[in-house]
Number of protein chains: 2
Amino acid sequence: MDNRPIGFLDSGVGGLTVVREFMRQLPHEEVIFIGDSARAPYGPRPAEQIREYTWELVNFLLTKDVKMIVLACNTATAVVWEEIKEKLDIPVLGVVLPGASAAIKATKTGKIGILGTPMTIQSDIYRQKIQSLSPETEVTGLACPKFVPLVESNSSQSSLAKKVVYETLEPMVGQVDTLVLGCTHYPILSPIIQNAMGPHVRLIDSGAETARDISVLLNYFQINRSRQAGEVHHQFYTTASPAAFKEIADSWLEQAIEVEHVDL
Amino acid sequence: MDNRPIGFLDSGVGGLTVVREFMRQLPHEEVIFIGDSARAPYGPRPAEQIREYTWELVNFLLTKDVKMIVLACNTATAVVWEEIKEKLDIPVLGVVLPGASAAIKATKTGKIGILGTPMTIQSDIYRQKIQSLSPETEVTGLACPKFVPLVESNSSQSSLAKKVVYETLEPMVGQVDTLVLGCTHYPILSPIIQNAMGPHVRLIDSGAETARDISVLLNYFQINRSRQAGEVHHQFYTTASPAAFKEIADSWLEQAIEVEHVDL
């Protein structure tokens, strides 16, 4: 038993899709979330800068005495997960391997597509992980630089969003039977993505897969929170405007949350 | 990547139900299994003896250079999992927590039944684990000392099996909505158990839950076997008669396996 909270970090609000799924599965665990919206998106930034920013988020979470850290951001995971996992003595989970592993199990044609930020696609991490487990699988990556700004600006329901998604995905349509949403922002666009790809393509939400894995690791390390530990008090932090963060988070998490601004 | 095999141990043949599920999920991983049928069942034995025997099985697996050990035996898990996990520097997984965790997620009435060997029920481990995660849940244990001998003697299809199962389960019928098969032998009896309990009771196969967790831990520790590592060669060992073991294992695993006798 360990009643401390679990820390989640993201470049912005996208990681809240992981938190949403996690809260649904384990409602008695406490969450501390920090989103770096002031510097989002991470995707187009150089690797060294992503590394530096992610460590700042990690160090912030460590000041909150978390028992586990989840990199709820594919870009951060691609660049720095292994290093952080190596250096900390608490479990550190990224979103890439759970998604890669689920995609391998899901595909029937052996043709998997990956949607991600430019950095995630450029890092080639999904293709490497998938092919190391399953070398015969064909993996096609597609950078979607316009998706995160749509989600961060809460425009995912707009007609612009539909236009952008359809145009971006055009080269992927008909090419794969399984499509990994390799950025935690993208599940917010998943109804449009599913329509664009057609009903037979299986979308893999890396965040939802990660939420399931968190539960397994809590058991394995025996660090579940006791249900006798009292009510949960989640904490949300953003490096940008709390009001803008709260508007998105309240809607996605379907509850009114409190958000604090923090300078890193 | 780590191409070494995964070691499974059991007091007898029951752990093969975990292996069966594991092979179905991850067919490219190699398995080394040892079953201590010569000294089965462990359930009625004193804890100190179970501890000693389980360590002998663990030490045998360590001589085979395994990358992970799965205690595919609820009795051994109840008595000695934490100690083994503490002492080894490879991951060690038991079957109790995955089953307990799945039962909590499955129950709607908050009434969970546990079937197990006398030692597992007496150890009270399932009730403790379930109530530490979910204190309001009612947990009722039922020792089923006649089940393992039925399975070990390959009599699970007999009319005697049906009679024994129905008589044993009588006090549990109508009392719970979720029933944990808290012994890896019991899934072999699950059609009869399901009939005895009625169609609305959800059976939780601890072994199948464990197989899923193994996959998550292989990812987390980055010790998956490469699919380029060549064909898999599973190894099966028993402390009793290889012929008797093979008869059961071939049928459960639906493949012809090679079995060696080993003295511990």
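The values are calculated or read from the model by the stated rules, or taken from the named source; none is laboratory data. Since the structure is predicted, the reported quantities are computational estimates derived from the model, not experimental observations. So basically every Cβ, Gly included, is an ideal-geometry build from the backbone, and we count neighbours across all protein chains shown. We work out accessible area using only protein heavy atoms, side chains counted, and drop any ligands, DNA or RNA first. Shrake-Rupley method; radii C 1.70, N 1.55, O 1.52, S 1.80 Å.
Largest first and in whole Å, give the semi-axes of segment A:132-250's equivalent ellipsoid, each being the square root of 5 times a Cα gyration tensor eigenvalue.
In descending order, the three semi-axes are 31, 23, 11 Å.
Kindly express, to the nearest 10 degrees and within the range 0 to 90, the angle between helix A:16-25's C-alpha long axis and the longest C-alpha principal axis of chain A.
The answer is roughly 70 degrees.
Enumerate the whole-percent occupancy of each 10 Å bin, from 0 to the last occupied one, for all C-alpha pair distances of the protein assembly as shown.
In whole percents, the pair-distance histogram is 4, 18, 26, 24, 17, 9, 2, 0.
Look at the axis of the rotation that sends chain A onto chain B, then give the chain A residue with the nearest Cβ and the distance in whole Å.
A:Val216, 2
Taking Cα atoms, how many degrees apart are the long axis of helix A:74-87 and the longest axis of chain A, rounded to 10 and kept between 0 and 90?
Approximately 50 degrees, to the nearest ten.
What net charge do the residues around A:Tyr42 carry, taking every other residue with its C-beta under 13 Å from that of A:Tyr42, with Lys and Arg at +1 and Asp and Glu at -1? Intermediate values should be presented prior to the final figure.
Details: positive: A:Arg39, A:Arg45, A:Arg51; negative: A:Asp10, A:Asp36, A:Glu48, A:Glu52, A:Glu56, A:Glu152.
Result for the neighbourhood of A:Tyr42: -3.
Treating cross-link reach as a plain straight distance, find the lysines whose alpha-carbon is under 30 Å from the alpha-carbon of A:Lys87, omitting any fewer than eight places away in the same chain.
Within reach: A:Lys64, A:Lys67, A:Lys129, B:Lys67, B:Lys85, B:Lys87.
Given Cα pairs under 8 Å that are at least 6 residues apart, what percent is the relative contact order of segment B:97-206?
So the answer I get is 35 percent.
Over the Cα atoms, compute the radius of gyration (one decimal) and Dmax (the largest Cα-Cα distance, rounded to a whole number) for segment A:63-109, in Å.
12.9, 46
At q = 0.17, 0.30 Å⁻¹, what is the base-10 log of I(q)/I(0) for segment A:85-127 according to the Debye formula with one equal point scatterer per Cα and no solvent? Please give it to two decimals.
The Cα Debye sum returns log10 ratios of -0.59, -1.08.
Just the ratio, please: alpha-carbon radius of gyration of chain A over 2.2 N^0.38 Å, N its number of residues. Each step should come with its number before you reach the end.
Details: Rg = 17.4 Å, N = 264, 2.2 N^0.38 = 18.3 Å.
So the Cα radius of gyration is 0.95 times the expected 2.2 N^0.38 Å.
If you count, for every residue in A:207-219, the Cβ atoms of partner chains within 10 Å of its Cβ, what is the mean?
Other-chain Cβ atoms within 10 Å of each residue's Cβ, averaged: 4.
Angle between the Cα long axis of helix A:47-63 and the longest principal axis of chain A, 0 to 90 degrees, nearest 10?
30 degrees
Label B:Glu56 and B:Asp89 with points 7 Å out from Cα along Cα→Cβ: what is the distance between them in nm?
Label at B:Glu56, label at B:Asp89, 2.8 nm between them.
Could you compute how much accessible area chains A and B hide from each other, both sides summed, with a 1.4 Å probe? Nearest 100 Å² is fine.
Adding both sides of the contact gives about 2600 Å².
Got a number for carbon plus sulfur as a percent of the protein assembly as shown's accessible area, 1.4 Å probe?
Numbers: 10030 of 20800 Å².
For the protein assembly as shown, the apolar C and S fraction of the accessible surface comes to 48 percent.
Which of these, B:Ala76, B:Ala47, B:Ala211, has the largest mean-square fluctuation under a Gaussian network model of chain B (Cα springs below 10 Å)?
B:Ala47
Where in segment B:133-166 does accessible area fall by at least 30 Å² between the isolated chain and the complete protein assembly, at a 1.4 Å probe radius?
Going by heavy-atom accessible area, the residues of segment B:133-166 that drop by at least 30 Å² are B:Leu133, B:Pro135.
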